[in-house]
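Report on the structure given below.
The values are calculated or read from the model by the stated rules, or taken from the named source; none is laboratory data. Note that this is a predicted model, so its numbers are computed, not measured. Here the Cβ positions follow ideal geometry from the backbone for every residue, glycine too, while neighbour counts run over all protein chains shown.
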Amino acid sequence: AQSVAQPEDQVNVAEGNPLTVKCTYSVSGNPYLFWYVQYPNRGLQFLLKYITGDNLVKGSYGFEAEFNKSQTSFHLKKPSALVSDSALYFCAVRPSRGDYKLSFGAGTTVTVRA
Amino acid sequence: DGGITQSPKYLFRKEGQNVTLSCEQNLNHDAMYWYRQDPGQGLRLIYYSQIVNDFQKGDIAEGYSVSREKKESFPLTVTSAQKNPTAFYLCASSIDSSVPPDTQYFGPGTRLTVL
């Protein structure tokens, strides 16, 4: 069975500082990995995904994520955080073959202080 | 949130009542999904539909029912058999779930509260 772990419930950073949200996964075979962001009382917005190829994936709003196969990780990063990045972030995984269902992590709440 | 709409935004239910949550998409997507979100638990899959007139149970289908009579619509009924229905419900759709990597796009959600 596939699973996702987001080891930090909360991440707090100052505006302008780098932001990292951690994600590790477990899946049979090669993974497809996704990051979503959720603002209060809203649906999830797609940020980026890893399929294959370059381990550094660039997405929306200046976010990027680095795929590390040996560490089974897919950490989300932003070089300079904004107050408006404060939200709940979800990592999700599905195998590249077979079961197409997405498995989500529990989420990480990011707070960026001015 | 794109072309996926959910209604109502807030819904209150008395114990013993069935309620239906609406989900409509104009993206011409074949696949649609219903998730339940509880604090600190991420998203859990309730039901999914890969194509019109077909749907399958997800991980927590007990106490829920769905229909998929039209490509653009995938309503979810929360029945009185669901013992703890208070949650945030999210609908999603994707182009074709059988062709990876199929990105799912989400609606704005419905918050259901049992009184």
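Structure data summary
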quantity	calculated
Only listed residue being at pLDDT 95 or above and among the hydrophobic types (A, V, I, L, M, F, W, C), chosen from B:31, B:61	B:61
Selected residue (only one of B:50, B:41, B:82 is within 14 Å of chain A (Cβ to nearest Cβ) and assigned to a loop (DSSP other than H, G, I, E, B))	B:41
All strands (runs of 3 or more DSSP E) inside chain A with 1 or more residues being modelled with pLDDT of 95 or more and within 12 Å of the chain's Cα centre (by Cα)	A:3-5, A:19-21, A:24-26, A:31-38, A:44-50, A:56-58, A:64-68, A:73-78, A:87-95, A:108-113
The lone exception for residue B:85 - which of (1) modelled with pLDDT of 95 or more; (2) surrounded by 18 or more Cβ atoms within 10 Å (Cβ to Cβ) it fails	(1)
Residue satisfying condition, being within 22 Å of residue A:98 (Cβ to Cβ), touching a residue at least 60 places away in the same chain (Cβ under 8 Å) and polar (S, T, N, Q), within set A:30, A:17, A:12	A:30
Checking residue A:114 against (1) over 17 Å from residue B:41 (Cα atoms); (2) in contact with a Pro (Cβ under 8 Å, 6 or more places away or on another chain), the condition it does not meet	(2)
Selection from region B:4-26 of residues that are out of contact with any strand residue (DSSP E or B) (no Cβ under 6 Å at 6 or more places or on another chain), surrounded by 13 or more Cβ atoms within 10 Å (Cβ to Cβ) and within 13 Å of chain A (Cβ to nearest Cβ)	none
Residue tally, condition more than 12 Å from chain A (Cβ to nearest Cβ), within 15 Å of the chain's Cα centre (by Cα) and either in a loop (DSSP other than H, G, I, E, B) or under 25 Å from residue A:107 (Cβ atoms) (or both), over region B:53-62	3
Any hit, region A:83-96, residues being closer than 23 Å to residue B:95 by Cα, in contact with a strand residue (DSSP E or B) (Cβ under 7 Å, 6 or more places away or on another chain) and among the charged types (D, E, K, R)	yes
